[in-house]
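Novice: Have a look at the structure that comes next, please.
Laboratory data are not the source of any read-out in this text; all were calculated from the coordinates shown. Model, not experiment: these values are computed from the prediction. Heads up, the Cβs are rebuilt from the backbone with ideal geometry, glycines too, and the neighbour counts pull from every protein chain shown.
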Amino acid sequence: MRVNPIRGFFPSPPRGEGFAVTGAVGVAGLRVCRRVRDEFLWTWPVALFAGFQITLQTIVAVEAVEAGPDRARRRWLSRGVVLAFLAMCWLYYVACQQLGLATAWAFLIGFLPAWPLAAPAARSWVARASWWRRGAWLAAAYSVFYWSGGAFIAWKTAIAEVWEHS
């Protein structure tokens, strides 16, 4: 019998399993897509966003719990998740540099513009809102995250072209 160490920390524990699986699929999907479609598809931003949502959901769940004897432990758990997320972002950046994907790290920029939609998405997930509300917030937040990273890459490329021709 498995014991969940997080149960008891939260009144209703965040459901991060789906996001953890999504993150793993996002990382592994790079190889699978390469073999199936014989082309390069960058799937790691999905893993980044899943880690971002797990982090936000943990913070929201910890802050939603009223003061109690385990409040300090819950806050340390939250801080640990934030540190793990920052480590994931750093590893993503290093991996992009090692693989020669000089612009792929630009997806890290997407967290800032996605924040206004990602925070309510995390709140709706922790509060167990209806599936369509959670899905709508999540789809909107991921779209802003992904396309702002893509827009940053396009902007950076345009600047490089201007500098090259001047």
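Novice: Residues of segment 110-166 being hydroxyl-bearing (Ser, Thr, Tyr), surrounded by fewer than 17 Cβ atoms within 10 Å (Cβ to Cβ) and either in contact with a helix residue (DSSP H, G or I) (Cβ under 7 Å, 6 or more places away or on another chain) or closer than 15 Å to Leu48 by Cα (or both), which ones? Break it down into steps so the answer makes sense when it comes.
Specialist: Filtering segment 110-166 down to residues hydroxyl-bearing (Ser, Thr, Tyr) leaves 124, 130, 142-143, 146, 148, 157, 166.
Pick out the ones that are also surrounded by fewer than 17 Cβ atoms within 10 Å (Cβ to Cβ) and you get 130, 143, 157, 166.
Hit for segment 110-166 is Ser143, nothing else.
Novice: Counting just the residues of segment 60-84 that are assigned to a helix (DSSP H, G or I) and small (Gly, Ala, Ser), which one comes out surrounded by the most Cβ atoms within 10 Å (Cβ to Cβ)? Lay out the reasoning, then the answer.
Specialist: Restricting attention to segment 60-84, the residues satisfying the condition of being assigned to a helix (DSSP H, G or I) are 60-64, 71-84.
Filter once more, so that each one left must be small (Gly, Ala, Ser): 61, 64, 72, 78, 80, 84.
Numbers: Ala61: 26, Ala64: 14, Ala72: 10, Ser78: 18, Gly80: 11, Ala84: 14.
Of everything passing the filter in segment 60-84, Ala61 is surrounded by the most Cβ atoms within 10 Å (Cβ to Cβ).
Novice: Moving on to the next point. With the requirement that a residue be in a helix (DSSP H, G or I) and free of Cβ contacts under 8 Å to residues at least 12 places away in the same chain, what does segment 119-141 give you?
Specialist: So in segment 119-141, the residues in a helix (DSSP H, G or I) come out as 119-126, 131-141.
Residues satisfying the conditions are Trp131, Trp132, Arg133, Gly135, Ala136, Ala139.
Novice: Something else about it: Kindly list the number of the only condition in (1) within 15 Å of the chain's Cα centre (by Cα); (2) free of Cβ contacts under 8 Å to residues at least 60 places away in the same chain that fails for Gly110.
Specialist: All conditions are met except number (2).
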